[in-house]
Amino acid sequence: MSDYFRLTRTQTYSLVFALPLLLLYEAGAAWLSRTEENSLRNGADVLLRTLVAAGGIQGTGAFAGILLAIAAIVIFFERRRQKIPLRFRYFFGMAMESVVLALLFGLVVGTLTQWVLQGAGFTLAIQGNPMSALPLRDAVVLSLGAGIYEELAFRVILVGGLVGVFRASGLQRKRAGVFAAILAALLFSAFHYIGPYAYPLELDSFTFRLLAGLAFSALYMARGFGVAAWTHALYDVFLVIAGRG
């Protein structure tokens with residue numbers, strides 16, 4: 001098991017494992033754009049594309065190509081530094097790990113949210129999901145996009161960038177990680193109240209997503225981008241399907 005956890009935390013395993021999620025979302029989004037008048041995309045995806053477009057790079061293919069090129073470069077240089085054998089059973093293990101974590105995620109974070117709110121004298125109200133108004137296929141595609149792009153934006157870029165800034169300011173690694181996770185979680189929660197499918201801003205839901213952001217940051221730091229992205233995507237998909245039951 002130590003070999004499994006060591007190897008699957010590498011960038012090579014993480015990025016290769018995340019690749020099918022990226023392709024599924026992009027294929028789904030492209031399919032929806034051809035079958036519907038309005039092209040639906042995850043908010044974090046739109047945010048990243050807007051930032052990249054400001055640099056003169058536009059188009060779905062170009063953006064996806066940049067992500068794939070960066071991933072290939074990271075894998076190439078990591079495998080030059082160390083020997084990383086690719087074992088199919090480890091990818092299967094990562095998939096099973098993501099499924100279990102996704103199934104446990106809502107229960108764990110929901111319980112923590114209840115404890116926090118009850119300790120402060122509030123109650124946790126169950127809210128409807130704005131995506132429940134969408135057709136199931138649209139909601140599933142957006143859920144896949146949340147996994148790949150929200151983890152990329154809020155964990156890889158934001159948490160990673162903040163850790164670098166805090167470390168450069170002289171903070172120890174652990175403190176830098178904690179401060180980065182808290183700030184990124186605040187922004188992650190606030191992000192869900194922006195846009196056409198935004199949730200109504202309420203204390204209980206904000207607290208839930210704040211704790212969810214902390215949990216995803218901890219998962220990203222402990223298990224890497226791939227497991228965090230798939231866990232996030234599967235949790236959202238399970239939530240969408242359960243809401244239709």
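So is residue 24 within 21 Å of residue 230 (Cα to Cα), of a type outside the set (Gly, Ala, Ser), outside any loop (DSSP other than H, G, I, E, B) and in contact with a helix residue (DSSP H, G or I) (Cβ under 8 Å, 6 or more places away or on another chain) or not? Yes, satisfied.
When the criteria are applied in full, residue 81 fails the requirement of being in contact with a helix residue (DSSP H, G or I) (Cβ under 9 Å, 6 or more places away or on another chain) and among the charged types (D, E, K, R). The selection criterion, being modelled with pLDDT of 90 or more, of a type in the set (A, V, I, L, M) and farther than 30 Å from residue 27 by Cα, does not hold for residue 141.
Considering every residue within region 197-205, establish whether at least one is aromatic (Phe, Trp, Tyr) and closer than 25 Å to residue 71 by Cβ.
Of region 197-205, the ones aromatic (Phe, Trp, Tyr) are 197, 199.
With the extra rule that they be closer than 25 Å to residue 71 by Cβ, the set shrinks to none.
Taking every residue of region 197-205 in turn, none turns out to be aromatic (Phe, Trp, Tyr) and closer than 25 Å to residue 71 by Cβ.
Which of the following residues is touching a Gly at 6+ places or on another chain (Cβ under 9 Å), hydrophobic (A, V, I, L, M, F, W, C), modelled with pLDDT of 95 or more and surrounded by 15 or more Cβ atoms within 10 Å (Cβ to Cβ): 146, 229?
229
Residues satisfying the criterion are present in region 190-199 (criterion: part of a helix (DSSP H, G or I), within 14 Å of the chain's Cα centre (by Cα) and either buried (at least 16 other Cβ atoms within 10 Å of the Cβ) or without any contact (Cβ under 8 Å) to a residue 24 or more places away in the chain (or both)).
Going through region 215-245 one residue at a time, which ones are assigned to a loop (DSSP other than H, G, I, E, B) and of a type in the set (D, E, K, R)? Spell out how you get there, then give the answer.
Step one: filter region 215-245 for residues assigned to a loop (DSSP other than H, G, I, E, B), giving 224, 244-245.
Once the filter is applied, which keeps residues that are assigned to a loop (DSSP other than H, G, I, E, B) and of a type in the set (D, E, K, R), region 215-245 yields only 244.
Can you tell which of 3, 45 is charged (D, E, K, R), in a helix (DSSP H, G or I) and surrounded by 15 or more Cβ atoms within 10 Å (Cβ to Cβ)?
Details: 3 fails: surrounded by 15 or more Cβ atoms within 10 Å (Cβ to Cβ).
Of the residues listed, the single one that is charged (D, E, K, R), in a helix (DSSP H, G or I) and surrounded by 15 or more Cβ atoms within 10 Å (Cβ to Cβ) is 45.
Among the residues here, residue 19 qualifies as touching a residue at least 40 places away in the same chain (Cβ under 8 Å), hydrophobic (A, V, I, L, M, F, W, C) and either surrounded by fewer than 17 Cβ atoms within 10 Å (Cβ to Cβ) or touching a helix residue (DSSP H, G or I) at 6+ places or on another chain (Cβ under 7 Å) (or both).
The values are calculated or read from the model by the stated rules, or taken from the named source; none is laboratory data. In this text, all values refer to a predicted model and were calculated from it rather than measured experimentally. Note that we place each Cβ from the backbone using ideal geometry, even for glycine, and neighbour counts take in every protein chain shown.
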